[in-house]
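Notes to accompany the following structure.
The values are calculated or read from the model by the stated rules, or taken from the named source; none is laboratory data. Predicted model, so just to flag it, every value in this text is computed and none were measured. Neighbour counts run over all protein chains shown; Cβ positions are idealised from the backbone, glycine included.
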Number of protein chains: 2
Amino acid sequence: MTDTTGIADVDRLAIDTIRTLAMDAVQQANSGHPGTPMALAPVTYVLWNEFLKYDPTRPQWPVRDRFVLSCGHASMLLYAMLHLAGVRKTKRQPNGTIVATDEWAIGGEDLRNFRQFGSPCAGHPEYGYAAGIETTTGPLGQGIGNSVGMAIAAQWFAARYGRPGFEDLFASRVYALCSDGDIMEGVGCEAASLAGHLKLGNLCWIYDDNRITIEGKTELAFSEDVARRFQGQGWHVLSVEDANDLTAIRQALTQASGQQSQPTLIVLRSVIAWGSPGKANTHGAHGSPLGEDEVRRTKQVYGWPEDEHFRVPEDARRHVAETLGARGKSARQAWDVRYSQYQQKFPDAAAEFQSAIHHQLPADWETAIPTFTTKDHLATRVSSGKVLNAIGKRLPWLVGGAADLAPSTKTLLEFEGAGQFSAAQRGGRNLHFGIREHAMASAANGMSLSGLRPYVATFFVFSDYLRPALRLSALMHQPVLYILTHDSIGLGEDGPTHQPVEQLAACRAIPGLVVLRPADANEVAESYRVAIQGSDRPVALVLTRQDVPTFCRQRFAPATGLARGAYVMAEAGNDVPQVILIGTGSELHLCAEAYDRLVAAGIRARLVSMPSWELFEQQDVAYRESVLPSRVTARIAVEAGIRQGWDRYLGPRGRFLGMEGFGLSAPYEELYAHFGLTVDQIHATALDLVADS
Amino acid sequence: MTDTTGIADVDRLAIDTIRTLAMDAVQQANSGHPGTPMALAPVTYVLWNEFLKYDPTRPQWPVRDRFVLSCGHASMLLYAMLHLAGVRKTKRQPNGTIVATDEWAIGGEDLRNFRQFGSPCAGHPEYGYAAGIETTTGPLGQGIGNSVGMAIAAQWFAARYGRPGFEDLFASRVYALCSDGDIMEGVGCEAASLAGHLKLGNLCWIYDDNRITIEGKTELAFSEDVARRFQGQGWHVLSVEDANDLTAIRQALTQASGQQSQPTLIVLRSVIAWGSPGKANTHGAHGSPLGEDEVRRTKQVYGWPEDEHFRVPEDARRHVAETLGARGKSARQAWDVRYSQYQQKFPDAAAEFQSAIHHQLPADWETAIPTFTTKDHLATRVSSGKVLNAIGKRLPWLVGGAADLAPSTKTLLEFEGAGQFSAAQRGGRNLHFGIREHAMASAANGMSLSGLRPYVATFFVFSDYLRPALRLSALMHQPVLYILTHDSIGLGEDGPTHQPVEQLAACRAIPGLVVLRPADANEVAESYRVAIQGSDRPVALVLTRQDVPTFCRQRFAPATGLARGAYVMAEAGNDVPQVILIGTGSELHLCAEAYDRLVAAGIRARLVSMPSWELFEQQDVAYRESVLPSRVTARIAVEAGIRQGWDRYLGPRGRFLGMEGFGLSAPYEELYAHFGLTVDQIHATALDLVADS
């Protein structure tokens, strides 16, 4: 494999700067992944320097091309490139907009502190740590999944806000570097299939075909004809036989950046740890430092000063500034001029665009939220569909869909003009994600990172299929709305494979995710208020398949209490309650009936609706104590899921009525009776507790 | 689309029997999926009647061909076929072997009770409910994932136990019917890639290309050239243009059943709800009953008596008995004869084979479990690797591998003769699953269902990637061993994407899964004893990346206490303890140091190791009370994960030291200090609690 093809001295200098920075940083940290940055420095450099529409002094430019390092373990490649490009630090202003500063996002000291406490150069790229890190990557397949969402968002913005004379104003492209792992992971396959189906011509993946994995040669476990597979999935496939051949790389990127009708895969044949005499082309170079001696020997091969660490030659820096820097700045300035013209000509569209990308809500959006009456006997998935449609009209950038379950999850936006997002139609609101839950959620993260407010939907039990992406929504503080229906044994006949039992516990376990299990249509409405208002965390909305009544809010406390996570729905008298019944979702109705019986029998009962543990935990001690007073130890929680976590609210005397194992296939009323989730059982348990007091 | 090609009257009769049984059962249940059984009845019938090596009177025959209905929602297709084939009910004998009875596995009454409480005909096929249901399906992609594991197991048994003159004695084939959903799901793509890589010639998938999904036409979300994609993944692809063309189906199945070197995909062009005048080729026929009138009209089309429900013509039954029944019985009887000869000639191999398929353990296997001394300062993943290798020698059918992480998870079987399982070598023990966690776990379920004892390994955080398959291990009671390493912030620099925080809670939430987080090498050894002894549930073994000391078991209680889930490691004096320190895994060592300090200061402390909540919950009240006495409310639990669920053991006064959110990238010692997981913190918290008593 040559090291000279098409490489001018200054290009070579810049490329070796990236390589040696990666080697030095990993060595200094004594931890990390040097081999891939060494292999992929040429393509990364050429892409950034010559192709990416990117102004390092304005990394927040909304129509910038986006670069995703899906092989996140090669994080030093990104940090070195951002450093060499002089990407500026950004900050959020009080009004929520983001501006660039004069400081560098990744300084030399940051590189030296790679993988150390407080450094923006974390082990894997972490979104929010530094400008230029477009998404958090590391879990394989997620970056390319995100890239599909980013490409969707770019197409959507271009279609939605493009106007005569400004057709291309909002167009941008997305490039992702990916590894064997990304290609082998199922989520990557789903993402590729979706991108091919949607004909995302603005998407390009560069596949690092290094034929090395952690266990050894890739051929141990992988023997796909990747080009053929991707062609079958609707991709335009190019090949670069030598990752050091800048001419071939330029040709491929030129072709990719001219594509309109298909996503492009560039299969890039590379050598891991290129240049390292002892470790090139070995899996030993994947996840461990090269070693001091090997670093030295490799620098010799590069013709690099052996004893200098973290060296960034001024010539390399200047060259990048004069190419990427100058090109990016001039493109961005030209855009600014055109955007001003656009703003004058299309002020409403411009204002809407600004609101979208800054996650601002229209002032009056909440007036769209409907109120339901006791005449509405609706499954919460159905009331959810009504609320979603009502607010969808007010929030133009609320875009989403289901994993081939929209008729069941009730997530189709059906108002006039909602339209679909498809290969033929780019500005619509309804996506058909196909039976690809994982890529759906991963794409939603990318959509959110690009300024859309995405919602995604599937059956609650299949939240297991998208969990790694859900975790990343939470880790990146992205306000993705997960609409998860068929939330318990209440779905009935489909049986245990489809009945969630542990999913409430599993979702509540994810830090930063707000789980909401509303009990009736008005709690659903309030759930949407809470979900949409928060722009810094994902929300899981957990909904029934079966119909439930709508509580009479003259008798019971207003559903606005939902925002506090738990609230007193009703109580008999002002004295200390003898027993507290706590319910969530559909089971709150059982509790309410039992409450009525207890009250009729003269027992001072209290009924608490507890749709969200996370919101409740955010309340102050006084509020929490007011809902669940410590001295009232006779408590019953009723939820058609497992007990895990409920002891926190039950205390040592409390009882839990729920599930202890998987469900069964039968009509749901029979299942509720079989598993003891009945008014009788709640009533009897309450009497038992009261008698025992 | 024709309805006559190659169909003899009696075939037609049998096929329409299956179709109408499905229609009637779904109608009777007023719930279910009629369209796919109506479309796939011909291929299912031909496969069973003319190709499957299957004796309905011996459904437990170990070398039978296996049929997997990956599109599990079409469950009535399977139930109708099992009924028509007269598959017998099996029962387990006291010695653990399974024998067939004279009763039918699926009787006519069972069909009438489709989707009703207690029926073996559940909404989706549930393993264990009736003979002939080879695996639980419904969650899409899982059935085909299982089928890959079954095909691996079949190849393994054939290679391991085949002998000169008996080369083919243990050979069998695996057929799976799959839908768009199976093909679109990432796990299905991973499974296809793995099967192609391993050149599983004994595997055949029949893809129901009906071009209809729940949201409408498949083309809404899916436009792959499936044949091309599968060719890229190493499959032999055949096409049948008409699902009613029995001649074409026979030709394709003949080709598939002759394949040796590649798995086969048969793309079968079908019409959902074939024959239904109003619902054929519409998504309305997917998941709802046809309706009484439409059932009637469809029966007219079939030339079927309109008013008869659940009709099984005697001619159809007799024909299946004379073909499948006679062919299967004679094949099985011939096998019995040859197997007796084999048993005489190779008694040891035969005995080993019998032990494997009946999940029996060699009498002396436990003597292989090593004991560690305080000189061993090992990460628990390392001691795990040692124990796994030690017992692996004694358990020849313990077969497994990692998702490209074996050097990190320490799961390579390295003893002489362990070998690998690959396309070239079928009898080895080490599998390279590639970066495909989900297919790995799904295949492991299939391997386990076929009699192997599989283990699979990845980083703990990536248990999220395989969760749907893990859930099915638990639901099916399969003893798959999940070896999950890098179990906390203790992995250090890789940062929050790689640091499990909520995974302990999420795994503990799965009903029937035993989670073990051993604290040192001897607890690791005991974990393997527990894991291997149990043959009816999966185990998740959660292990550290970082080194931990080995407790001196002269000072501390023996590690055999692990089997009870929690045990008293040490305590000061015999009086009621003033404070109890509860630790798991690596954090138990912090507790032990704090314990020493407290005891030195004259405080009556107790140290409890709690490696498994599930095992602890299985103990009687007296034992649980002996470890965690109710009256001792000063309790501290220390675990580098979230609090969820710990309140059950902490009570209202207890304190928890753990994680409240995601981790960070830094050397692990700094992270433990930053997050307050230190001996000082435990010590101070204990003093605080004691002072407050």
Out of the residues in region B:557-575 meeting the condition of being out of contact with any Phe, Trp or Tyr (no Cβ under 7 Å at 6 or more places or on another chain) and not in a loop (DSSP other than H, G, I, E, B), tell me which one is farthest from B:L516 (Cα to Cα).
B:E571
Filter result for A:D536 (within 13 Å of the chain's Cα centre (by Cα) and either within 14 Å of chain B (Cβ to nearest Cβ) or in a loop (DSSP other than H, G, I, E, B) (or both)):
yes
Quick one: which of B:V399, B:V382, B:V387, B:V320 is surrounded by 13 or more Cβ atoms within 10 Å (Cβ to Cβ), in contact (Cβ under 8 Å) with a residue 24 or more places away in the chain and in the same structural domain as B:A158 (by TED's automatic domain parsing)?
B:V320
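Go through region B:644-658 and give me each residue that's facing chain A (nearest Cβ under 8 Å) and of a type outside the set (D, E).
Within region B:644-658, B:Q644, B:G645, B:R648, B:G651, B:P652 qualify.
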Which members of region A:273-283 meet the condition of being buried (at least 21 other Cβ atoms within 10 Å of the Cβ) and within 14 Å of chain B (Cβ to nearest Cβ)?
A:H283
Filter result for B:E352 (within 28 Å of the chain's Cα centre (by Cα), closer than 17 Å to B:A559 by Cβ and of a type in the set (D, E))
no
Matching option when the condition is within 24 Å of the chain's Cα centre (by Cα), part of a loop (DSSP other than H, G, I, E, B) and within 14 Å of chain A (Cβ to nearest Cβ), among B:G128, B:G132
B:G128
Subset of region A:96-125 (residues that are closer than 28 Å to A:E190 by Cα and either surrounded by fewer than 24 Cβ atoms within 10 Å (Cβ to Cβ) or more than 8 Å from chain B (Cβ to nearest Cβ) (or both)):
A:P125
All positions within region B:415-442 that are on the phi > 0 side of the Ramachandran plot and surrounded by fewer than 18 Cβ atoms within 10 Å (Cβ to Cβ):
B:G417, B:G419
Does A:A439 satisfy the criteria of being small (G, A, S), touching an Asp or Glu at 6+ places or on another chain (Cβ under 6 Å) and at pLDDT 95 or above?
yes
Residues of region B:608-623 being among the charged types (D, E, K, R) and either within 15 Å of B:A637 (Cβ to Cβ) or within 23 Å of the chain's Cα centre (by Cα) (or both), which ones?
B:E614
Matching residues, region B:362-374, being surrounded by fewer than 16 Cβ atoms within 10 Å (Cβ to Cβ) and part of a helix (DSSP H, G or I):
B:E366, B:T367
In this structure, is B:G165 more than 18 Å from A:S665 (Cα to Cα), more than 10 Å from every other protein chain (Cβ to nearest Cβ) and either in contact with a Cys (Cβ under 8 Å, 6 or more places away or on another chain) or not β-branched (V, I, T) (or both)?
yes
Got a sec? Which of A:H377, A:H359 is surrounded by fewer than 18 Cβ atoms within 10 Å (Cβ to Cβ), closer than 27 Å to A:L543 by Cα and not assigned by TED's automatic domain parsing to the domain that holds A:F460?
A:H359
Where in region B:404-490 are there helices (runs of 4 or more DSSP H), lying wholly inside it, with at least 1 residues that are facing chain A (nearest Cβ under 8 Å), within 11 Å of the chain's Cα centre (by Cα) and over 23 Å from B:G534 (Cα atoms)?
B:437-449
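Filter region B:204-224 for residues that are within 15 Å of B:D182 (Cα to Cα), out of contact with any Phe, Trp or Tyr (no Cβ under 6 Å at 6 or more places or on another chain) and modelled with pLDDT of 90 or more and give the result.
If the condition is that a residue be within 15 Å of B:D182 (Cα to Cα), out of contact with any Phe, Trp or Tyr (no Cβ under 6 Å at 6 or more places or on another chain) and modelled with pLDDT of 90 or more, then B:W205, B:I206, B:Y207, B:D208, B:D209, B:N210, B:R211, B:A221, B:F222, B:S223, B:E224 are the ones that fit.
It is to be established whether one or more residues within region A:289-298 are among the hydroxyl-bearing types (S, T, Y), in contact with a Pro (Cβ under 8 Å, 6 or more places away or on another chain) and modelled with pLDDT of 95 or more.
For region A:289-298, residues among the hydroxyl-bearing types (S, T, Y), in contact with a Pro (Cβ under 8 Å, 6 or more places away or on another chain) and modelled with pLDDT of 95 or more: present.
Tell me, please, whether a residue that is touching a Cys at 6+ places or on another chain (Cβ under 6 Å), buried (at least 19 other Cβ atoms within 10 Å of the Cβ) and not hydrophobic (A, V, I, L, M, F, W, C) can be found in region A:583-597.
Yes, region A:583-597 contains a residue that is touching a Cys at 6+ places or on another chain (Cβ under 6 Å), buried (at least 19 other Cβ atoms within 10 Å of the Cβ) and not hydrophobic (A, V, I, L, M, F, W, C).
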Number of the exception - A:T497 against (1) in contact with a strand residue (DSSP E or B) (Cβ under 6 Å, 6 or more places away or on another chain); (2) at the interface with another protein chain (Cβ under 7 Å from one of its Cβ atoms):
(1)
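Considering each of A:F353, A:F310, A:F346 in turn, give the residue that is more than 21 Å from A:A159 (Cα to Cα) and of a type in the set (F, W, Y). Walk me through how you get there before you give the answer.
Working: A:F353 fails: more than 21 Å from A:A159 (Cα to Cα); A:F346 fails: more than 21 Å from A:A159 (Cα to Cα).
Checking each option against the conditions leaves just A:F310.
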Within region B:479-525, work out how many residues are without any contact (Cβ under 8 Å) to a residue 60 or more places away in the chain and surrounded by fewer than 24 Cβ atoms within 10 Å (Cβ to Cβ).
2
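To keep it simple, each residue is scored yes or no on (1) of a type outside the set (S, T, Y); (2) within 22 Å of B:P407 (Cβ to Cβ); (3) in contact with a helix residue (DSSP H, G or I) (Cβ under 9 Å, 6 or more places away or on another chain); (4) without any contact (Cβ under 8 Å) to a residue 40 or more places away in the chain.
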| site | (1), (2), (3), (4) |
| --- | --- |
| A:Q231 | yes, no, yes, yes |
| A:A243 | yes, no, yes, no |
| A:Q260 | yes, no, no, no |
| A:L265 | yes, no, yes, no |
| A:L268 | yes, no, yes, no |
| A:K279 | yes, yes, yes, no |
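Give me a count of the residues in region A:48-98 that are hydrophobic (A, V, I, L, M, F, W, C) and modelled with pLDDT under 95.
1
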